[in-house]
Each structure stands twice: as structure tokens, then as C-alpha cells.
1. In this structure, is THR41 assigned to a strand (DSSP E or B), under 24 Å from LEU213 (Cβ atoms), under 38 Å from the mean Cα position of the chain (by Cα) and among the polar types (S, T, N, Q)?
2. Looking at (1) in contact (Cβ under 8 Å) with a residue 60 or more places away in the chain; (2) part of a helix (DSSP H, G or I); (3) touching a Leu at 6+ places or on another chain (Cβ under 9 Å); (4) not small (Gly, Ala, Ser), which is the only condition LYS425 fails?
3. Hey, does region 228-244 have a residue that's assigned to a helix (DSSP H, G or I) and among the polar types (S, T, N, Q)?
4. Among (1) within 27 Å of GLY366 (Cβ to Cβ); (2) assigned by TED's automatic domain parsing to the domain that holds ASP527, which single condition is LYS404 missing?
5. Name the residues in region 201-227 that are buried (at least 20 other Cβ atoms within 10 Å of the Cβ) and either in a loop (DSSP other than H, G, I, E, B) or acidic (Asp, Glu) (or both), would you?
6. Does region 532-542 contain at least one residue that is touching a His at 6+ places or on another chain (Cβ under 8 Å), under 22 Å from ALA468 (Cα atoms) and surrounded by fewer than 22 Cβ atoms within 10 Å (Cβ to Cβ)?
7. Quick one: how many residues across region 346-396 are among the aromatic types (Phe, Trp, Tyr) and not assigned by TED's automatic domain parsing to the domain that holds GLN465?
8. Can you tell me which of HIS162, HIS191, HIS198 is part of a helix (DSSP H, G or I), surrounded by fewer than 22 Cβ atoms within 10 Å (Cβ to Cβ) and in contact with a helix residue (DSSP H, G or I) (Cβ under 7 Å, 6 or more places away or on another chain)?
Amino acid sequence: MKYYEVCPIGVIGGKQDALTYSSNQELDIGAIVVIPFGSRTKVGVVLRQVIKPKFQTKPITKTLPDSLPEHLLELAFWMRDYYATRLPFVLQTIVPSGVSKARRKTNKQTALTTQRSNTQFILTDEQSKATLSIKNSNATTHILHGITGSGKTRVYQELAQHVLEKGQSVLILVPEIALTPQLAAEFQSLHNDVLIQHSRQTESERHKNWQTLRQTSNPWVVVGPRSALFSPLCNIGLVVVDESHEPSYQQDSQPKYNALRVARKLVDLSPVTAKLVLGSATPSVSDYYLATKTGAPIHKLIKPTRERNTTIEVVDIKDRSLFGTHPLFSRSLLDAMNNAVAQNEQILLFHNRRGTARTALCSNCGWSAQCKNCHIPMRLHHDTNVLQCHTCGLIESIPKLCPKCSTPDIEFKGFGSKRIETEVKKLFPKLWIARFDSDTIADEQLQNRYQDLYDNKINIIIGTQTIAKGLDLPSLSTVGVIQADSELFIPDYSSSERSFQLTTQVIGRAGRQGQASSVIIQTLNPDHPAITHAIAQNYNDFYTYEIAERQAEHMPPYTFMMQLTCGYSTQHGAQTAAKKRADMIRREHPGIFVRGPAPAFHEHRGSLHYQQLIVSSHDRTKLVTIVRSLPSRWQFKLDPINLL
């Protein structure tokens, strides 16, 4: 009889992450097994063999054909320690669900998703220089800083081809599932075995993909969002993180991790020499700063692959003389849209707020519709005729009379992507119009309609940040940013950076094939540095401005940071507990900087009042130590990219 420590996958009680079981057969470390767990069974991963314990053990129920590669098990241990989280949560992220189910055998799956032009353009001098420099460098991590339209994907392809010829695999990460068809199609032009992996696939699809990759030593190209990091590829030679500045690479549920940091560790654990390439037109300020301080190579592409013939016009929303009869669209934007329609060219309208209206307000008494759980304004969704909370998802019917004064004087203030869609359909009733945001139904989401977009079957594209991320549409000539500074109104240390990134990225969608194009930027703050530098496409000047702001405010990257949050049934209880915890941290950890207590961004959720502490230190291990001593009532985020 042999004995093994096994970590159950998923939520478990108690403080132990591993339990001891017996088996009458030899098991490999990383084997995936079924174990008895209380009155039921769970899937677990074998961590190590141990001597016979003094207590009685239960036998392992079943050994499954799947197993966890050694480098992914090491990665799981590292994530447990680095992010101060429990191993069962980490393994739940790595091991596909339904792994204990038998699957019918099918032929290998490839990413036949969309048809794009297969023209392979000769590398520009800048692309050649960047490719050669990355290939010949001994450095592990590289930043590929290329303006929009400079051909970063061609550099990825050249690097991938070099790695595949050596029999090594390639992992391409994208910030959104919607971008997987576009990028997968690019890599199919150079390699047969291309596979898409993401969380919206069925349980069976994800499991079969896992088995396909696990059961072969052939090189593969895997394309997907952050969850694709945990594909069981052997001999990874290249990891590319496209649009590496995007906040969607940060996972906010347990285990809370940053995909860029995990990718760096994955590259270190690869059994072959591997490289990590972070590609972006607007790299994260923190990543750029760390690269300059550590000497990590920064490769710049400052010229577009095609000459851009784009005119950018700024419209000050405060100057209502620039608007005609339409409250949302300036005269300049309407003229540009009409011109694009006449030329049979695509239009993209960007506004990073969804819904129809942001607030339902009684003009008589001042009552506003607020979520009874979160105590924040509910948004109007006119297409479904409901009010919805965008934090907890609560849905309520629209009141015909004010609940407070019983008058019918309810007005809807502000606007979102659905309101824009409604207005555009009135202006252009005969055109094909599509809206893409988190309210879009599954069959109509961007990844399912990308071919229609690419083929110019959709005339006007409306959406939130999803449509600002790396889309390459050859017929797109007109871009309208309905309100460029909506991010600036969010009280967070990263709001300026996010505003700059979104505006820069959406400008870069226009005229990528060299055709004449127009970008109309409507803003309430035309002189804000985030707006002016985005319009000028000047990353260096924005970085200089923003890094000085971060240093003055003692914010990342000049310090490591952690957000602590607690919720109590009364505001006084939450404040008292937060103050007590802040005093304890200051007392037990001299040199730690604690901000707060202060109300959390969402101060009141459900029946609880929330207070937060912002804890900073130049030694990250001290923050991890603090996390491990927190009571169960406290929630934490290590290395938060925002404080919302």
C-alpha cells in the first residue's frame, strides 16, 4: 500500500489544502484522481508520496487518464504563495472542469474560424530589427511597443515561426475572447495545429482541447484569453501577450492573479529556453517603468505599415454651438457618418458605458432609482424596458409614477451604448447596425460576428471597450468617440491611464488600410493630458506626465500595494473594524503605509456596509504576511490595477 497527499480541487473547508489517501498502485506526481471527500467524491491532484501516517486513510477511488504537467504543478505552487491564496482554488483554474467524465474520441480540433486576407507582407525595417533583436537577446521578457497599425502581429508571426521550427509550442494571449478568431486566422497561415481555448467553450470542448494538447509532443499554437495560460503545452518556446495593457488580464475572483506576472513565471518554468513578449501601443505605465529600471528590452515600432491618412477633430461638448438638433452627435460627427455611408465604408461609435440612460430621476422631488442591494443608481435598458444594476444585476420594472411624490415627472439622464444604438437606427434605418457590449446576447457577440465585420456586412459598429481592443477591419474609415473622458470621472489612481489607453486604441481602429479616414473626439475636457496626448498619439509625453503623478502620490510602480475590504451590517461596525485593523497593521509592521479607513467604492452592497484600507510597502512579502493573518471576514487584492 502506498500513501499520497492529494489536493482536492475547488472549494473545501478547513485550513488544510492537502489530505492523505492510500492506493495500491504507484501514482505519478500530478496524477488527477477521484477521492472520497466527506459524503461525496471530488477530483484531486496528487502532490507527493508520503510515509504511512499514524491515522487511518481512505483509498483513492479512481485514477483518471489525465494528469497535470510538472511545470503547471510548479506554477500552481508559485501562485499559491505569490498571491496568498489556497491551492484548491488555483488548481480549479488550471484543471478543466468535467475532467472525470468520459469523452468520445474526435479528430484533433483546429481554429477554423474566419477568413482573412492571407497576403504576407514583407517585413518593414522596424519589424525586421525588432524580430532579430528579440531572437538574439538573452533576455526573457521583452516589450514590443508599437503604435496602432505598426504590424506587431507580423513580428509575433515571425517569432512564432522561428520557435515552431525548433519543435516548440507558442501561446498567444488576447485580452478578449472576441479577438481570438482574428488572431487565430493570422497564425493558421503559418502552422496547421492552431487551437483556440477559452472559457465560453463548452465543458466538453475545453476538456477535449486539454486532452489533445496533453497527449501529443508536437508543437502547437494556442490562442486565447488569460485562461489559455494553463494549456498543458509541452516545451513552450514563446508566450505573447497581445494588448498587454488591458485590465482584463487581471482576474478578480479567486485565485486573484495578473496574467502577465503568471506568464513571466510560466516562461521561467518552461523546460526549454522561452521568451515572453508584451505587445501594446499603450503599454502599462507600471510595466514600462519596471522595464526601464530592470533593463528589459523595449522594442519600438513608430511607423505604421501603411501611411495613415487620418484626420482627427476634437469637439468640446460644452460648446453646444457645435451641435445641431441632435444632442449626442456633433455636426462634425454626423457629417463624417453621412460621408462614410455614401462611400459604403464602416463606422465605429465608441462609448464606454452600456445601457440607455445612467440615472432615472424625478424632476419634481429629486428621487432617483437606486439598487436596493448596492445603493447606486440603476441604469435604464430601453430595449427590455427595465432598470438594471450594473454591479449586482438586480432588475426592476420602470415606475410609472415617482415612488416618493407620486408624480409622473421621471426623467432619464445620461446615456449608454443602447441609447446610441437607438438614435443611430433612427438616423440610418436601412443600414446594418450592431452593438457590442456585455449586454449583447451570446449569438450576437463580437467573436461570433467577426466575419461579418471583416467583410463589411455590418455598416455601423457601436460598443464599449470591447471594440477598442485590436480590431483590424479593412473597411472602417470613420470613428466617433461620443465622450472620450468618461473614464476620467472615476475616482481612481489609474483613471487617467485608462482614458489615454482607450482613446488611443480607438483612434487606431480607423484607416488601417491607408484609406482616407476621420476620427471625431467629443469630450468635456479637451485640455486634459490624457486626452491631448491620446489625440497626438504621444505615449512618451503621457508616460512622463503620469509617472510623475504616481511618484507624487506614492502609487505603483513606486510601491507594492494591497486593497483590504471588510463588510459589516452597520456603517459604525465597518468603520470600527477597519480602524482596528489599520492600527494593528501599523503597530505590527513598522514602515508599512496604510491609507484609510475609508468607504469602499461600492460602499453599500446588500445588507452590508464596506470600508477599505490601502496598504503600501516597498517589500511585497510583508503584504503577503498581512494577508495570511487576516480574519475570514476580510477580502484582499494584491497588486490591484485599480481601487474600484
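1. Numbers: assigned to a strand (DSSP E or B): yes; under 24 Å from LEU213 (Cβ atoms): no; under 38 Å from the mean Cα position of the chain (by Cα): yes; among the polar types (S, T, N, Q): yes.
Taking the combined requirement at face value, the residue does not satisfy it.
2. That leaves (1) as the condition not met.
3. Here is the first cut: in region 228-244, the residues assigned to a helix (DSSP H, G or I) are 228-230.
Subsequent filtering for residues that are among the polar types (S, T, N, Q) retains none.
So far as region 228-244 goes, no, none of its residues is assigned to a helix (DSSP H, G or I) and among the polar types (S, T, N, Q).
4. Result: LYS404 passes all but (2).
5. Answer for region 201-227, where residues must be buried (at least 20 other Cβ atoms within 10 Å of the Cβ) and either in a loop (DSSP other than H, G, I, E, B) or acidic (Asp, Glu) (or both): PRO219, TRP220, PRO225.
6. Yes, the conditions are met somewhere in region 532-542.
7. Within region 346-396, the first condition is being among the aromatic types (Phe, Trp, Tyr), and the residues that meet it are 350, 367.
Next, from what is left, pick out any that are not assigned by TED's automatic domain parsing to the domain that holds GLN465: 367.
Selection size over region 346-396: 1.
8. Values: HIS191 fails: part of a helix (DSSP H, G or I); HIS198 fails: part of a helix (DSSP H, G or I).
Sole residue among the options that is part of a helix (DSSP H, G or I), surrounded by fewer than 22 Cβ atoms within 10 Å (Cβ to Cβ) and in contact with a helix residue (DSSP H, G or I) (Cβ under 7 Å, 6 or more places away or on another chain): HIS162.
The values are calculated or read from the model by the stated rules, or taken from the named source; none is laboratory data. In this text, all values refer to a predicted model and were calculated from it rather than measured experimentally. Because the Cβ atoms are built from the backbone with ideal geometry, glycine has one as well, and the counts that use them run over all protein chains shown.
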